[in-house]
Amino acid sequence: MMAAFLRYICGPKLRRIHRGADGSPGFYYQPRTLERHSDSILGWAYVLWSLSYYTSPLLLLYCYRKGYIVLSKMIPAASYASVLLLILTGVACLRGVGRWSNPEYVQFINILEETKRNNTAENKKKLAAYSFDFTHWPKDFVWDEVSSQKDHRLTKVTKVGVPLLKPEHKYKGTTDSFVGLILRFPCRVVSYLMANTFGRRMLYPGSVSLLQKAIMPMLLQGQARLMEEYLGKRAKLIACDGNQIDTVFIDRRPADTERGKKLVICCEGNAGFYEVGCVSTPLEAGYSVLGWNHPGFAGSTGVPFPQNEANAMDVVMQYAIYHLNFPVEDIIIYAWSIGGFTATWATMTYPEISALILDASFDDLVPLALKVMPESLKGLVTRTVRDYLNLNNADQLCKYQGPVVLIRRTKDEIITTTVPEDIMSNRGNDLLLRFLQFRYPKVMEEEGVRVVREWLSASNPLQETALYSRYEVDDDWCTSVLQSYKSEHGGEFPWTVGEDMPAEGRRQLAIFLAHKHMKNFDATHCTPLPSYEFALPWSL
């Protein structure tokens, strides 16, 4: 009896019962009076605890200045805290009583316990009819489940993490000597504190629990849409660092269409969740879709540092290949904004991926971090980003040999370093230039860079057409030149095409390649991309 009662006290919060296969409508779980009021009290306690956690430095400073941090005053405070903890425990017990008296919760907890004891497909299907705290969801896939298979597609990982590209450290005024290390130590401490406090939360605001609590109704609504209208399947993946990654999969293969046979893996932005994020775009376009939440977002655990992000992406890729049985060649990576980091990491690590679509993404985090921080902290900010938050999208992109398209928002207010109206300060431009300079270095010499920058200054189709006409770009000629080079020298980049070509021909190729690899979308950063704008990259 006591064990059963503990299950109701410590059980997950039930939020929604999804629409049944028999057509019965979905509905939000309605707790009874006792459960509702006790849950409200515990919810407010959590909010106050979160606020005190985030403001703890200021609270400690205030208590110190008021003289509260002394033993004589801390002992009564500890006794008050004990009483408060005892009261909250009593409230939790009352919530358990309220749940015990609710038949809907009793049925749910019985299904959950049965699934934990016997994790069969039938039990998992029954459990999928409920939306609840995802930490209690049984695991579906673990990163090392396929470690015994001999397959070139499997990333070599350890419990430390998957490999990342390491930045080159160039700190002025210091050396690698013992004295240099001592001189750098205070800066390293400050960098660590910056990255692990406000830095990480500024970079990934979606990981802040208070924000998630505020938008929970929106997330539940989006989740219900994916589960009930599109028959989505949630799954818990365990990454090599132990983080639990919340995913949703919508299978369009039964429709037997060309698009349905392709899987689009979506990488969300820094405040995006698969419930309300960019998943909708390829979904409405008719593709099979796999969405996942960053570590620390909604049902995923952990914190979204670059290493954890790459670990999460790796287990998502393995899940898609080995559990969902999609060939790597049928997988498309689609990323929005900061999701470009995990997207480019995936294409660098799994080079057979079919295509990469980067929407409103950037080349490097440092210029964007310097934009929002004081000029006097330039060196410290650069060091912090390079050591702890190094999102080096351009470096990773240049490791991929497949088709790529970049979507640039012409009114982007987030990844511009000046004002949204200044389209030339959009860091997507720098991503395109780095990409073209790597793949076509002879075309993208000084003159090629100049004409591509001129093309990038065009913010609408009319200006692009005028520039195309002024330089007399012949698409058929450019295509034939590239195809001839590929047939003669192979397709591995970088290419030396344009090496013995007149300046006029290189200018044509430069504008042609820029036009093929970047598309403009007349919108702000956070405007959802319409499905008709979702198109696979150009390829020879």
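Quick one: which helices (runs of 4 or more DSSP H) sit completely within region 426-471 and have at least 3 residues that are farther than 14 Å from Ala510 by Cα and at pLDDT below 95? Step through it out loud before you land on a result.
Working: elements: 427-439, 446-456, 461-470.
Output list reads 461-470.
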Residue that is farthest from Tyr204 (Cα to Cα), among those in region 363-376 that are touching a residue at least 40 places away in the same chain (Cβ under 8 Å) and assigned to a loop (DSSP other than H, G, I, E, B): Asp363
Looking at region 394-415 only, could you name the residues that are in contact with an Asp or Glu (Cβ under 6 Å, 6 or more places away or on another chain) and under 30 Å from Arg188 (Cα atoms)? Ala394
Out of curiosity, is Pro57 within 34 Å of the chain's Cα centre (by Cα) and either on the phi > 0 side of the Ramachandran plot or not aliphatic (A, V, I, L, M) (or both)? yes
Return only the number of the condition from (1) touching a Cys at 6+ places or on another chain (Cβ under 8 Å); (2) assigned to a loop (DSSP other than H, G, I, E, B); (3) surrounded by 17 or more Cβ atoms within 10 Å (Cβ to Cβ) that Pro537 does not satisfy. (1)
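Can you find a residue that is in a helix (DSSP H, G or I) and either closer than 26 Å to Pro217 by Cβ or of a type in the set (A, V, I, L, M, F, W, C) (or both) anywhere in region 9-28? Spell out the reasoning first.
The first filter runs over region 9-28 and keeps only residues in a helix (DSSP H, G or I), leaving 9-10.
Next, from what is left, pick out any that are either closer than 26 Å to Pro217 by Cβ or of a type in the set (A, V, I, L, M, F, W, C) (or both): 9-10.
Yes.
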Taking region 278-310, which residues are in a loop (DSSP other than H, G, I, E, B) and in contact with a Pro (Cβ under 9 Å, 6 or more places away or on another chain)? Cys278, His294, Pro295, Gly296, Phe297, Thr301, Gly302, Val303, Pro304, Phe305
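Given the structure, is Gln508 on the phi < 0 side of the Ramachandran plot and surrounded by 14 or more Cβ atoms within 10 Å (Cβ to Cβ)?
Numbers: on the phi < 0 side of the Ramachandran plot: yes; surrounded by 14 or more Cβ atoms within 10 Å (Cβ to Cβ): yes.
Criteria met by Gln508.
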Quick one: which residue in Gly402, Gly340, Gly379 is modelled with pLDDT of 95 or more and either in a helix (DSSP H, G or I) or among the acidic types (Asp, Glu) (or both)? Gly340
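The values are calculated or read from the model by the stated rules, or taken from the named source; none is laboratory data. Keep in mind that what you see is a predicted model, and the values were worked out from it rather than measured. As a convention, Cβ positions derive from the backbone with ideal geometry for all residues, glycine included, and neighbour counts pool all protein chains shown.
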